[in-house]
Amino acid sequence: MLNFSLMKFIILVFFLIVNYKVESQAQPLSPIPGLAGKEIYDLLVDKRGFLWVASDLGVYRYDGLSFVNFSNSHQASLAATGLAEDQQGRIWFNNFSGQIFYIENEVMKLLDAYNFKNESTFPQIALFQNQLVATTDRGLFTLNTANFQARYRNLKEGTASPTN
């Protein structure tokens, strides 16, 4: 028969194990009202204080009260990432099909100068001053966001070619 001290020790260990498991259970995440997507890939707070969300179901802007979804009829897929804001206040991002979009004056527009059909994967994009830079299979794509002049820069050959 177990002595009293060993019995207290066993009960204490059992209590700690059961209590630890109950407290360490992950709290279920609850849906965010107005945001249809379940997976978030990127976040951005713009110069005006709006929160931009790139999710599995597209791009949303949150103003503190409600979400506004942006879409374009030329989208090959909805899931988006790479949120960035240029000096003109446009919001840039890409989808997982490789298309690059920007939102200007409440309208989502496709950047036609970037030919996503020639790429094997979606680009990584970045903004620096008035330049949007996107990765390509051959090198880099650059776009002057002030005048929309675009170039592909082939890093293997060291050449640059206009998109037109």
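Scanning segment 56-80 for residues that are surrounded by 12 or more Cβ atoms within 10 Å (Cβ to Cβ) and not in a strand (DSSP E or B) yields Asp56, Leu57, Ser71, Asn72, Gln75, Ala76, Ser77, Leu78, Ala79. Small (Gly, Ala, Ser), in contact with a Lys or Arg (Cβ under 6 Å, 6 or more places away or on another chain) and surrounded by 12 or more Cβ atoms within 10 Å (Cβ to Cβ), is that true of Gly139? Yes, satisfied.
Listed here are the residues, each with its yes/no results for (1) surrounded by fewer than 19 Cβ atoms within 10 Å (Cβ to Cβ); (2) assigned to a strand (DSSP E or B).
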{"residue": "Ala54", "(1), (2)": "no, yes"}
{"residue": "Ser97", "(1), (2)": "yes, no"}
{"residue": "Tyr102", "(1), (2)": "no, yes"}
{"residue": "Thr121", "(1), (2)": "yes, no"}
{"residue": "Ala126", "(1), (2)": "yes, yes"}
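For segment 142-154, a residue qualifies if it is open to solvent by 50 Å² or more (accessible area, probe 1.4 Å) and either within 19 Å of Tyr41 (Cβ to Cβ) or of a type in the set (A, V, I, L, M, F, W, C) (or both), and the qualifying residues are Ala146, Phe148. For segment 29-41, a tally of residues being open to solvent by less than 40 Å² (accessible area, probe 1.4 Å) and within 13 Å of the chain's Cα centre (by Cα) returns 1. Of the residues in segment 105-119, at least one is under 21 Å from Gly37 (Cβ atoms), open to solvent by 30 Å² or more (accessible area, probe 1.4 Å) and either part of a loop (DSSP other than H, G, I, E, B) or at pLDDT below 95 (or both). Residues that are more than 26 Å from Leu51 (Cβ to Cβ) and either open to solvent by less than 40 Å² (accessible area, probe 1.4 Å) or without any contact (Cβ under 8 Å) to a residue 60 or more places away in the chain (or both) are absent from segment 81-89. Summed over segment 147-160, residues that are among the aliphatic types (A, V, I, L, M) and either in contact with a Gly (Cβ under 8 Å, 6 or more places away or on another chain) or modelled with pLDDT of 95 or more (or both) total 2. Answer yes or no as to whether Leu35 is in contact with a Phe, Trp or Tyr (Cβ under 8 Å, 6 or more places away or on another chain) and either assigned to a strand (DSSP E or B) or modelled with pLDDT of 95 or more (or both). For Leu35, the condition - in contact with a Phe, Trp or Tyr (Cβ under 8 Å, 6 or more places away or on another chain) and either assigned to a strand (DSSP E or B) or modelled with pLDDT of 95 or more (or both) - is not met.
The values are calculated or read from the model by the stated rules, or taken from the named source; none is laboratory data. Every value quoted in this text rests on a predicted model; they were computed, and no experiment measured them. Cβ atoms come from the backbone with ideal geometry, glycine included; neighbour counts cover every protein chain shown. Ligands, DNA and RNA are stripped out before the accessible areas are found, and what is left, the full protein with its side chains, is counted by its heavy atoms. Shrake-Rupley method; radii C 1.70, N 1.55, O 1.52, S 1.80 Å.
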